[in-house]
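Taking it in order: structure first as structure tokens, then the write-up.
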Amino acid sequence: MQIKERPIPNAVILDLNGDLTYAHRDVFKSAVETLRQKGCRHVILNMADVRFVDSSGLGLLALVSQNFKLNQGKVSMLRPQSYVREILGLANITKLIPVFDNEQDAVNGNAQAA
Amino acid sequence: MNPDTLSKPAVSPAVATVLLVDDEPVSRLSMAARLKRMGLRVLEAGNGKEGLAILRRERPDLTILDWVMPEMDGPTVCEQVRQDPDILSSQLILMTSQDQPEQIAEGLARGADDFLSKAASKQEILARVQSSLRAASLVRSIESARDELRAKQDELERELRSAADYIHSLLPAVGNATPGIRMSWIYRPSLALGGDLFNFSTWDDQSAYFYILDASGHGVSPALRAASFATFLRAENLRHCITQNDPAAMLVEANRRYPLTEDGSYFTIWIGSFDRTTHQLRYATAGHGGALIQRRDGSIEWLTHAHLPLGFEPDSTYELTTVQIADGDRVILMSDGIYEAPAPTGELWGTTRLETTLMAHRSAPLGEALPALMAEAERWHGSPVFPDDAALLGLEFRL
């Protein structure tokens, strides 16, 4: 999995490319944790190029969401593909991590919640 | 090249053994004398056949073979050595007076590691012998590391099998779970140890409960966590935590006790409780989708709804759904490994094909319908080992 960090005003976008699965847990977890430790309050996971999320991937999403909440921070998701959206929906992950269709809505979603 | 470095062998010459195979006594004697002066132990053979027998018996560090010999020539010995798994890593040097490039190529192609002209200088012989002994020593150390790894692997596998036996001992007995309920199951962990478990327990005279749980991930750690969770779910333990046979209350308690681990591992679980008087099944689920009821007429209803897995939210509450059970109904719990079994093309088996298979085997006894379902999923996957654990628990109600 490749992860690119892209700061925007009031948030950092992580462009994820590949599968969010057990095999890639370390690279994903360390990318998100690094942002949290740097004091980032809102990370937006761009899921547009993620083809598959397995059960370990769901756990990681829940974990990073919980960790950000501990710091009064927040995790959002951007444009998951339809199959991934279905997996996220079945596990009700969208209850923990809101999903947006564009970056501006994701940033504003945070502004409204804050 | 510095002659000093040539005179210092890379491997301890005192222990290195060289087998010299040559049918000409004079040249053999002279080469043997040179090798002995290098501090090597020298074994001798007068033809290829005899040489091969000594090689098998003595396993020398290096074998130097004349090309032309009676009984069996040098290249044929090389070929035989390379075909024998016990000795194929032996170091072999072919020796001849005709060192044409084509001949060198043929010798190497037939299995020699190096080539030595009979006209070679003392220094060249020394250098080639030392280089081959270095290679032999490397091969030996790789082989001994490999043997050590194999031994450790065997030990680990023995321990895994013993742990797997323990996990199996946690599973319920097949047959009459309780009067009026027949039980059958199939359990196929993707590795030696599975993170999926299920069970059926009696709560009191009136009611029973049963569950299937799935620890995320594969291997030892999920299996340990699953075993711990299954222990928590034993009736004698649950009665200390909750007052009624209530799946939603069990999940609230479990959610509190099993938060996400530091690496994001968690459980999904489905629990149902059955009341023998009212014939009502009440169930709750935390992220587990593999539960359905198949009525006597074959029709299927999935007993599930979207809910977060355990540990995702500390204060989750769980919805309790009630279903009326009729005589002949079957409740089937399964891990997602079954309907998510991928075909070689990557396409998942899916719940629709699973339903079709269940309908086709509705008239068969439960103990035959479940294996048929598993067989169909395996046929789709193309192998009996799924990438994920596969567990299947069936209950048939005779009311």
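Worth a mention:
- Taking the range B:1-117 and the strands (runs of 3 or more DSSP E) fully enclosed by it, the elements with 1 or more residues that are under 27 Å from residue B:142 (Cβ atoms) and modelled with pLDDT of 95 or more are at B:17-21, B:41-45, B:62-66, B:92-96.
- Residue list for the range B:129-180, restricted to those being in contact (Cβ under 8 Å) with a residue 40 or more places away in the chain and of a type in the set (Asp, Glu): B:143
- Selection within the range A:36-53: residues that are surrounded by fewer than 21 Cβ atoms within 10 Å (Cβ to Cβ) and not basic (Lys, Arg). The member of this set that is nearest to residue B:342 (Cα to Cα) is A:52.
- When B:228, B:273, B:265 are screened for being hydroxyl-bearing (Ser, Thr, Tyr), in contact with a strand residue (DSSP E or B) (Cβ under 8 Å, 6 or more places away or on another chain) and at pLDDT below 95, only B:265 passes.
- Single residue of B:285, B:268 found to be at the interface with chain A (Cβ under 10 Å from one of its Cβ atoms), part of a strand (DSSP E or B) and buried (at least 24 other Cβ atoms within 10 Å of the Cβ): B:268
- Scanning the range A:94-114 for residues that are polar (S, T, N, Q) and either loosely packed, with under 14 Cβ neighbours inside 10 Å or assigned to a strand (DSSP E or B) (or both) yields A:102, A:104, A:108, A:112.
- Residues of the range B:321-347 that turn out to be more than 14 Å from every other protein chain (Cβ to nearest Cβ), exposed (fewer than 15 other Cβ atoms within 10 Å of the Cβ) and assigned to a loop (DSSP other than H, G, I, E, B), as a count: 6
- The residue that is nearest to the other protein chains (Cβ to nearest Cβ), counting only those in the range A:80-93 that are surrounded by fewer than 18 Cβ atoms within 10 Å (Cβ to Cβ) and either modelled with pLDDT of 90 or more or farther than 30 Å from residue B:336 by Cβ (or both), is A:85.
- Checked against (1) at pLDDT below 90; (2) crowded, with 18+ Cβ neighbours inside 10 Å; (3) touching a Gly at 6+ places or on another chain (Cβ under 9 Å), residue A:57 passes all but condition (1).
- Test: residue A:63 is crowded, with 23+ Cβ neighbours inside 10 Å and touching a Gly at 6+ places or on another chain (Cβ under 8 Å): yes
- Residues that are touching a helix residue (DSSP H, G or I) at 6+ places or on another chain (Cβ under 7 Å) and either within 19 Å of residue A:83 (Cα to Cα) or surrounded by fewer than 18 Cβ atoms within 10 Å (Cβ to Cβ) (or both) within the range A:15-32 comprise A:18, A:20, A:21, A:22, A:29, listed in sequence order.
- Top-ranked residue of the range B:288-301 - restricted to ones that are assigned to a strand (DSSP E or B) and in contact (Cβ under 8 Å) with a residue 40 or more places away in the chain, ranked as farthest from the other protein chains (Cβ to nearest Cβ): B:294
- Odd one out for residue B:386 among (1) within 21 Å of the chain's Cα centre (by Cα); (2) loosely packed, with under 15 Cβ neighbours inside 10 Å: (2)
- Filtering B:190, B:132, B:169, B:121 for residues that are at pLDDT 90 or above and either over 34 Å from the mean Cα position of the chain (by Cα) or not hydrophobic (A, V, I, L, M, F, W, C) (or both) leaves a single hit, B:132.
Rundown of residues vs (1) more than 17 Å from residue B:189 (Cα to Cα); (2) at pLDDT 90 or above; (3) among the hydroxyl-bearing types (Ser, Thr, Tyr), yes/no style:
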site	(1), (2), (3)
B:296	yes, yes, no
B:301	yes, yes, no
B:356	yes, yes, yes
B:360	yes, yes, no
B:367	yes, yes, no
B:386	no, no, no
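- Some residue of the range B:179-200 being under 21 Å from residue B:287 (Cβ atoms), more than 14 Å from chain A (Cβ to nearest Cβ) and β-branched (Val, Ile, Thr): no
- Of A:29, A:69, all but one fail to be assigned to a helix (DSSP H, G or I), among the charged types (D, E, K, R), more than 17 Å from residue A:106 (Cα to Cα) and within 14 Å of another protein chain (Cβ to nearest Cβ); the exception is A:29.
- For residue B:277: the one exception among (1) part of a loop (DSSP other than H, G, I, E, B); (2) under 17 Å from residue B:246 (Cβ atoms); (3) within 14 Å of another protein chain (Cβ to nearest Cβ): (3)
- Search result, residues across the range A:32-66 that are under 16 Å from residue A:89 (Cβ atoms) and either among the aromatic types (Phe, Trp, Tyr) or part of a loop (DSSP other than H, G, I, E, B) (or both): A:52, A:54
- In summary, residue A:60 fulfils each of the numbered conditions (1) within 14 Å of chain B (Cβ to nearest Cβ); (2) out of contact with any helix residue (DSSP H, G or I) (no Cβ under 9 Å at 6 or more places or on another chain) with the single exception of condition (2).
- Scanning the range A:1-24 for residues that are in a loop (DSSP other than H, G, I, E, B) and hydroxyl-bearing (Ser, Thr, Tyr) returns a single hit, A:21.
- The set of residues in the range A:23-56 that are within 11 Å of the chain's Cα centre (by Cα) and within 17 Å of residue B:265 (Cβ to Cβ) comprises A:28, A:29, A:32.
The values are calculated or read from the model by the stated rules, or taken from the named source; none is laboratory data. For clarity, every value in this text was computed on a predicted model and none was experimentally measured. Cβ: placed from backbone, ideal geometry, glycine included. Neighbour counts: every protein chain shown.
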